[in-house]
1. Work out how much length residue 245 to residue 95 would gain on full extension: take 0.36 nm times their residue separation and subtract the Cα-Cα distance, in nm to one decimal.
2. Can you flag which of 105/270; 115/259; 81/259; 76/270 are past 20 Å Cα-Cα?
3. With charges only on Cβ, +1 for K and R and -1 for D and E, what is the dipole size of the stretch 134-229 about its Cα centre, in debye, rounded to 20?
4. By the scheme Lys and Arg +1, Asp and Glu -1, what is the net charge of all other residues having a beta-carbon under 15 Å from that of residue 261?
5. Would you list, by chain and number, the lysines whose Cα falls below 21 Å from the Cα of residue 187, excluding same-chain residues fewer than 8 positions away?
6. Could you check the simple spin-label distance between residue 147 and residue 177, using points 7 Å along Cα→Cβ, in nm with one decimal?
Amino acid sequence: MIKNRRQNILTLLIILAVFALTAIGMLRRCEMSRSTLANDFRRPGGDTLSVAMEMSPLTFTFSKDTASGFDYQILKDIARKHGINMKFCAVGELDDAFQGLKDGKYDILVASMPKTNVLKKHFPLTDAVYLDRQVVVQLADTASASYVRAAHELAGDTVWIPDGSPGLLRLRNLSKELGDSVYVAYKEGHSAELLAIMTALGKIPRAVVGEAVARRVAVDYPALDISTPVSLSQLQCWAVAPGDSVLLDSLNRWLEEFKATPEYEALVEKYLR
């Protein structure tokens, strides 16, 4: 038993180290004006768009000098068709990314981000990129007393969420609906993917993350259960720097065009189903 515990701890440390090294490598690439990663998009004025990309297996990931991800591929294809320049910057903490968007460091923020009224008060949001919902990630032990079969069973319990997750609002509303507290835990730099892996390793009891990310992690960790929804399907969007209505209109037009193509359907099949 002690041996298994040591192996689990070692596995988690390796995962954390890989995340840290990946982040450092990608941030360095972000600083380059003409890197192999920056599929440089050109704005009408000739400037390069700076895009903050959440690191996750769904949105944006990087392996062996190759970038991939659902949102990344959409932007890459739109760029190619419209001749735009863009520089991608990997981010792990959404709070910092939102601040960078507000300060003008980034032009666009791309993340697993539901379109909520609260978010719309602070940032211009694109039309829906895809649909997703928040789910409970837990070990698939239905005989356990701690197994959650429905959202109302979270009353009085603790769930982990990614740092800066918009899902926090849904959990607060759930607490009000239940008339009981749903306690929320999070730690700086912990992404949805990492929380799902930590749950699989038994390091945390459960997490609430987007179903699309949870589904991709569950492929590698079949002991995970992701069948309990916490929210209805939500429109997932991108955020634009405040005041940039021209960019927002352009993104919406490009998205509308791209979502009608076979390429978009292929990405949906690959990443969301």
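Bear in mind that the values in this text are calculations on the coordinates, not laboratory data. Quick caveat: nothing in here was measured; it's all calculated off a predicted structure. Virtual Cβ from ideal backbone geometry, glycine too; neighbours counted across all protein chains shown.
1. Numbers: separation 150, 0.36 × 150 = 54.00 nm, distance 2.23 nm.
Extra length available between residue 245 and residue 95 comes to 51.8 nm.
2. Too far apart for the 20 Å limit: 105/270.
3. On the way: 9 positive and 11 negative charges, 22 e Å.
The dipole magnitude comes to about 100 debye.
4. Values: positive: 76, 80, 81, 253, 259, 270; negative: 77, 256, 257, 263, 265, 269.
Neighbour charge sum, excluding residue 261 itself: 0.
5. Here the lysines satisfying the reach criterion relative to residue 187 are 203.
6. Result for the modelled spin labels: 2.3 nm.
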